[in-house]
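What follows is a single structure, written as structure tokens, with notes after it.
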């Protein structure tokens, strides 16, 4: 994890004001909340800006600042160190990090996606259309990314030899360009990144190999907070989660409008690409759960068993070690 001081500075600089000034009006007496996006301001992050623009946070008596997150490790460090109050984090990365004692004092309160969006992406013409085709190829991925960590388990279940796949460390920002230039055959990439990858590749068709095809129990991102907030201020936690999930539901139902809202808050984003990402994310966020955001303890236990079987975490971990107690 990077130094917490850098994260605090980034939050101070990048924190956004309420979209359209909506949350600035009548904010007196509202509880201040600091939120980090999962990573950057891609279309998959639009739901938080939608919740702000639509006034869902304000309706819950919350005054929310949104800052741009730098990834799971940095977000967990910010939560643990008190520099942020809530942040989405890749669920598998969270389970791995907390189970191995690399972070403490944080807990999960909701699931942003019911299915993992982690996967491998390539371009049409590379000859990779199924997992077996990865053998003999070069996979680019950010060092320490969930894709790399889970790859041996994914390979085992997909019946391929991980030793026959070369993994080349590449920073996340350089992955699309490396794939487009043919420096690697495939990259670790969330499945919702397909429109962004195709744009970077000049319109070539991207091909996704979602890990959820073989690792079916994995969740996507969990919404995390500190143990202190989850147990000490459960009502605030409930209110924030409720409003954020309202934003998620609206963004998935109205992706084009959500893309415009994101572009209004973050002008460097492409509203059409954002909308396309949300259209892909809908099936992953809703899944088969009856309630948006639901987390099933039995399913988390199966994920822990998978990670334990892969030798990625110590034995004996339970869902209660990672999930906040249900509100009374």
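The values are calculated or read from the model by the stated rules, or taken from the named source; none is laboratory data. Everything quoted here is computed from the prediction, not taken from an experiment. With ideal geometry, Cβ positions are generated from the backbone for all residues, glycine too; neighbour counts draw on all protein chains shown.
Of everything in region 157-183 that is within 23 Å of residue 313 (Cα to Cα) and free of Cβ contacts under 8 Å to residues at least 24 places away in the same chain, the residue that is nearest to the chain's Cα centre (by Cα) is 162. Given the criteria under 22 Å from residue 193 (Cβ atoms) and not in a helix (DSSP H, G or I), does residue 278 qualify? Against the criterion (under 22 Å from residue 193 (Cβ atoms) and not in a helix (DSSP H, G or I)), residue 278 does not qualify. Among the residues of region 212-250, write down those that are assigned to a loop (DSSP other than H, G, I, E, B) and surrounded by fewer than 19 Cβ atoms within 10 Å (Cβ to Cβ). Result: 214, 216, 217, 233.
One residue is enough: does region 172-181 have a residue meeting the conditions surrounded by 14 or more Cβ atoms within 10 Å (Cβ to Cβ), in a strand (DSSP E or B) and in contact with a strand residue (DSSP E or B) (Cβ under 9 Å, 6 or more places away or on another chain)? No, region 172-181 contains no residue that is surrounded by 14 or more Cβ atoms within 10 Å (Cβ to Cβ), in a strand (DSSP E or B) and in contact with a strand residue (DSSP E or B) (Cβ under 9 Å, 6 or more places away or on another chain). Out of region 196-211, which residues are at pLDDT 90 or above and either assigned to a loop (DSSP other than H, G, I, E, B) or farther than 24 Å from residue 136 by Cβ (or both)? Across region 196-211, the qualifying residues are 198, 199, 200, 201, 202, 203, 204, 205.
Please tell me if residue 136 is more than 19 Å from the chain's Cα centre (by Cα) and either surrounded by fewer than 16 Cβ atoms within 10 Å (Cβ to Cβ) or in a loop (DSSP other than H, G, I, E, B) (or both). Considered against the rule, which asks whether it is more than 19 Å from the chain's Cα centre (by Cα) and either surrounded by fewer than 16 Cβ atoms within 10 Å (Cβ to Cβ) or in a loop (DSSP other than H, G, I, E, B) (or both), residue 136 comes out as yes. If you check residue 265 against the conditions, is it farther than 19 Å from residue 221 by Cβ and crowded, with 20+ Cβ neighbours inside 10 Å? Criteria met by residue 265.
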